[in-house]
Amino acid sequence: MNSVAKNPLKVAVAGLGTVGAETVKVLQKQANLMAARYGRTIKVVAVSARSRRDRGFAMDGIDWYDDPVLMASSADADVVCELIGGSDGVAKAVVEAALAAGRHVVTANKALLAHHGVALAKTAESKGLTLGFEAAVAGGIPIIKALREGLAGNTIGRVYGIMNGTCNYILTTMRETGRDFADVLADAQRLGYAEADPSFDVDGVDTAHKLSLLTSLAFGTQVDFDSIHIEGIRHVSATDIAFAEELGYRIKLLGIARKTASGAIEQRVHPCMVRKDEPIATVEGVFNSVVVEGDSVGRSVSIGRGAGAGPTASAVVADLIDIVANRQTPTFGIPADLLEPLPAWSMDQHVGAYYIRLMVEDHPGVFADIAAALRDSDVSMEAVIQRGRSPDEVVPVVLTLHETEEVRLNDALQRISAIAAVVEPPRVIRIETL
C-alpha cells in the first residue's frame, strides 16, 4: 500500500457544475475501492470554477485556480478533466493547454469534439497522451468503449439511438398525457430536464454532436458535424403522436448513421416513427439507448441514463481508470492521421416510408387533388386516415407512403402545398425500418 500512496494519478478538474462536483465526490468516495482494484489511487489535486462556493466535497489538499487555462498548464497534475462545456472559448483553451503541457485530457464536451475532435486527437496522439470522452455521449452508457474496444472485431453497418433525454422525456410525456409540445417543454424546464434556452436539445443539435462522434468511431471517418442532416421535435404535435399510436408506432428523436451501398456515410437526426415492438420504442422518459449493428455481433442494444451528474461522472471516472490501468487506444479507435474524409451524402438520396399529416378543407375533390400530386411526383400512397366528414370544415388527413426517394417526396409536398384546400404546411415524419 505504500507504493500506492506514493504514486497517485493526479487530476485537475476544470468546471465544478453538477458533473464536475459529482466527479470529485465519486473519486473521493471510491478512492480505496479503486486503489484495491487498480493498485493506484486517483487524487484530485486542483480545481477551477467561476465561484468558490461549497460544492459538497472536501477541499483538503486541493489547490484552487481562478483561471482554468492556467491550471491546465501549470498545476501539478497528470490529467486535466475539462467539464466546462462549449465548442470553443475557455473549454478549447483548457484542452489545448493541457495537451501542450503533456497532460492527459478527459472531457464530457461533445460540442468541442464535434467541431475540433480530429485536430485535438492528432495533438494528443503525437504526444502519447489520452483524450478520453466516454462522458460525451449517452452518459452512463459505455458506448465509446464498446465501439472502440468491445466491438472492434466487427464491421459496423449502422449505429443509431435516442441520445437526448430532454427530447425523449418531452415525447414520452406528450404521448402519456395528450398535451402539446410547448406545454410539456415548459414543465421540463421547471423540472430541470430542459435548459432555459432549450434549442440545442429540442432542435436536434445535441444529438447531432453525439452522432458525429459515434460515426467516426463506427466507420473510421473524420468527424464531420456539418454533414449531418438535423431536424428537431418542435413540429411534432400531440395529434401526430396519437395517429402514430393508432398506426402502431412511437415517435422518437433518433440519430442514425450508416454506410450506404455506395460507400458514403449517411448521418441524420430527426423524429422517426418506429414500430412499437422495436426495443428502442420502449425506451421512455430521460433514458437513452444506442444500437450498434455489426457483422459478427448482430444487433447490440444499450440502455441507460444519458445525462445527469451521477451517470456522467461515472463515465468521466471510467476514462480516468483507463489511464490508471495504462489502457491506451487511439481517440477514435484508429490513429487520427488515418481517419478518412467523410464521403458526401445528401438527404435527397434517402429512401424510406413516410407519414404525412395535412389540414384540409373538407369538400369534394380534395382527395383527387392530393392523389394527383402524389402521382405526378411518382410517389405511392399506402393508406389514408380521416376521422368522419365535416363538410367545409378544416380536418386532419393522414397519409402513409410506400418507400420513396426523399427528392420525390419533396416534389410531392410542393405540389400538395399548392392545393387551395390545404390550409397548413404538410407535417412529415419519416417511418424508420429498424
| query | Taking the simple approach of a point 7 Å from Cα along Cα-to-Cβ for both Ser87 and Lys122, what is their distance in nm? | reply | 1.9
| query | Which value at 222 nm does the chain reach when only helices count, each DSSP H run of 4 or more adding -39,500 (n - 2.57), with the total divided by all residues and rounded to the nearest 500 deg cm²/dmol? | reply | -10500 deg cm²/dmol
| remark: In this structure, the FRET efficiency calculated for Val394 and Leu191 from their beta-carbon separation, with R0 = 45 Å, to the nearest 0.05, is 0.85
| said: Counting C-alpha atoms alone, how compact is segment 53-185: give Rg to one decimal and Dmax as a whole number, in angstrom. | reply: 18.7, 55
| In square angstrom, what is the accessible area per residue of the chain with a 1.4 angstrom probe? | 42
| field | Radius of gyration and Dmax over the Cα atoms of segment 290-421, both given in Å | value | 24.6, 73
| field | Computed FRET value (nearest 0.05) for Ala101 with Asp378, which takes r as the C-beta separation and R₀ as 56 Å | value | 0.40
| request: Could you work out the equivalent-ellipsoid semi-axes for segment 116-180, taking the square root of 5 times each eigenvalue of the Cα gyration tensor, largest first, in whole Å? | output: 34, 16, 10
| request: With a ≥ b ≥ c taken as the square roots of the eigenvalues of the C-alpha gyration tensor of segment 189-291, please select rounded if a/c is under 1.5 and otherwise prolate if a/b is larger than b/c or oblate if it is not? | output: oblate
| request: Wrap a convex hull around the Cα atoms of segment 242-364, take a quarter of its surface area, and give that in square nanometres. | output: 12.7
| message | Net charge around Lys259, counting only other residues with Cβ within less than 12 Å of its Cβ (Lys, Arg = +1; Asp, Glu = -1)? | response | -2
| field | Extension reserve of the Ser199-Val297 stretch, reckoned as 0.36 nm per residue once the Cα distance is removed | value | 31.7 nm
| Taking the alpha-carbon centroid of each part, what is the distance from segment 227-287 to segment 374-434 in angstrom? | 19
| field | Nitroxide proxy distance, nm - points 7 Å out along Cα→Cβ at Ala31 and Ala344 | value | 5.7
| said: In whole Å, what are the extents of segment 394-434 along the principal axes defined by its C-alpha atoms, from largest to smallest? | reply: 35, 20, 13
| query | What base-10 log of the normalised intensity I(q)/I(0) is obtained for segment 1-124 from the Debye formula, alpha carbons as equal point scatterers, at q = 0.13, 0.19, 0.20, 0.21 Å⁻¹? | reply | -0.50, -1.02, -1.11, -1.19
| query | Non-local amide H neighbours of Ile42 (under 5 Å, H modeled in plane, Pro and chain starts lacking H): which ones? | reply | Leu9
| What percent does the relative contact order of the chain come to when contacts are Cα pairs within less than 8 Å and at least six residues apart? | 16
| field | Label point 7 Å beyond Cα of Asp226 along Cβ direction - residues of segment 258-279 with amide nitrogen under 20 Å | value | 264-269
| note | Calc'd 3J(HN,Hα), segment 98-106, phi into Karplus 6.51 cos²θ - 1.76 cosθ + 1.60 (θ = phi - 60°), Hz, glycine/Pro = x, comes to 5, 5, 4, 8, x, 10, 4, 10, 10
| field | As computed over the chain, the Cα convex hull volume per residue (Å³) | value | 145
| note | Using alpha carbon positions and the Kirkwood radius, the Rg to Rh ratio of segment 221-280 is 1.07
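The values are calculated or read from the model by the stated rules, or taken from the named source; none is laboratory data. Not measured: the values here are computed from a predicted model. Glycine gets a Cβ as well: all are built from the backbone with ideal geometry, and neighbour counts include every protein chain shown. Side chains included, ligands, DNA and RNA excluded: accessible areas come from the protein's heavy atoms. Shrake-Rupley method; radii C 1.70, N 1.55, O 1.52, S 1.80 Å.
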